[in-house]
Amino acid sequence: MTEQQWRELMGRLSFAASLDTFEALNAAYGEAHRYYHTAEHIGDCLTLLAEYRRIAQDPDNVELAIWFHDAVYEPLATDNEARSAAWAARFLSGNRCGVGRVDRVHDLIMATVHDAPAREPDAQLLVDIDLAVLGSDPQRYRKFEADVRKEYRWVPALLFKKARKKILQSFLDRETIYATVALRDRFEAQARVNLTAAIGTL
């Protein structure tokens with residue numbers, strides 16, 4: 001998640017550099033209560049998008065959604081994605097962006113609620129990228145789980161374990177965790193191993 005990456009995206013969109021927004025996003029992702037939903041996560045997502053950019057219908061929309069999708073993250077809140085999507089919409093509208101792109105990016109960000117499998121190709125790609133950590137190597141996955149627990153450290157252990165198990169099981173219960181063939185081939189098998197192991201510890 002670098003200034004250069006941001007400048008390149010702004011250039012492709014014919015926007016001003018908008019470094020004030022870059023700095024605001026950087027500050028948001030650096031908030032002290034974040035352990036997983038950080039600039040590192042955004043950077044990892046951008047790296048994956050660069051690898052799979054060719055399969056996106058509108059890669060710049062997907063990239064915009066990546067930059068903003070966790071911009072608002074308050075563990076006590078239930079509307080983080082909606083507020084993040086609203087921030088992206090304000091930014092795009094302020095740059096006189098067409099309503100089509102504004103709505104599309106808004107909808108992409110809302111797909112990262114992860115309450116149901118994404119149906120549209122770019123949303124599927126975005127969601128798969130966001131969930132790639134589930135299929136990471138076991139050590140990286142264990143760090144992910146530890147970081148999520150830190151973000152919810154105020155939740156009593158029994159309540160956290162019950163809720164976390166339900167979330168992880170919901171992914172396992174899907175016919176496939178990843179919708180795009182490329183990311184499914186790369187991450188699906190390991191994700192199922194990781195999720196099963198994590199549930200076994202809860």
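Out of the residues in the stretch 99-139 that are aliphatic (A, V, I, L, M) and under 14 Å from residue 59 (Cβ atoms), state the one that is farthest from the chain's Cα centre (by Cα). Before you say what the answer is, go through the steps one by one.
Step one: list which residues in the stretch 99-139 are aliphatic (A, V, I, L, M), which gives 99, 102, 105, 108-111, 113, 116, 118, 123, 125-127, 129, 131-134.
Applying the additional criterion that residues be under 14 Å from residue 59 (Cβ atoms) yields 105, 108, 123, 125-126, 129.
On the way: 105: 13, 108: 10, 123: 11, 125: 11, 126: 7, 129: 7 Å.
Ranking the candidates gives 105 first.
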Can you give me the number of residues within the stretch 163-202 that are without any contact (Cβ under 8 Å) to a residue 24 or more places away in the chain and assigned to a helix (DSSP H, G or I)?
-> 9
Select from the stretch 60-89 the residues that are part of a loop (DSSP other than H, G, I, E, B) and touching a Leu at 6+ places or on another chain (Cβ under 9 Å) and write down the one among them that is surrounded by the most Cβ atoms within 10 Å (Cβ to Cβ).
-> 69
Taking residue 155 as meeting all but one of (1) closer than 28 Å to residue 88 by Cβ; (2) not in a helix (DSSP H, G or I), write down the number of the exception.
-> (1)
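For the stretch 122-131, state whether one or more residues are under 20 Å from residue 171 (Cα atoms), surrounded by 15 or more Cβ atoms within 10 Å (Cβ to Cβ) and free of Cβ contacts under 8 Å to residues at least 24 places away in the same chain. Spell out the reasoning first.
Our first condition is that a residue be under 20 Å from residue 171 (Cα atoms); within the stretch 122-131, this holds for 122-131.
Still in the list and also surrounded by 15 or more Cβ atoms within 10 Å (Cβ to Cβ): 122-131.
Now drop any that are not free of Cβ contacts under 8 Å to residues at least 24 places away in the same chain, which leaves 123.
The answer is yes; a qualifying residue exists.
Could you pull out the residue among 9, 49, 92 that is without any contact (Cβ under 8 Å) to a residue 40 or more places away in the chain, farther than 30 Å from residue 155 by Cβ, open to solvent by less than 40 Å² (accessible area, probe 1.4 Å) and part of a helix (DSSP H, G or I)? Can you show your working first?
Working: 9 fails: without any contact (Cβ under 8 Å) to a residue 40 or more places away in the chain; 49 fails: without any contact (Cβ under 8 Å) to a residue 40 or more places away in the chain.
That would be 92, the only listed residue that is without any contact (Cβ under 8 Å) to a residue 40 or more places away in the chain, farther than 30 Å from residue 155 by Cβ, open to solvent by less than 40 Å² (accessible area, probe 1.4 Å) and part of a helix (DSSP H, G or I).
The values are calculated or read from the model by the stated rules, or taken from the named source; none is laboratory data. Here the structure is a predicted model, which is why all the values come from computation and not from measurement. All Cβ positions, glycine included, derive from the backbone under ideal geometry; neighbour counts span all protein chains shown. We work out accessible area using only protein heavy atoms, side chains counted, and drop any ligands, DNA or RNA first. Shrake-Rupley method; radii C 1.70, N 1.55, O 1.52, S 1.80 Å.
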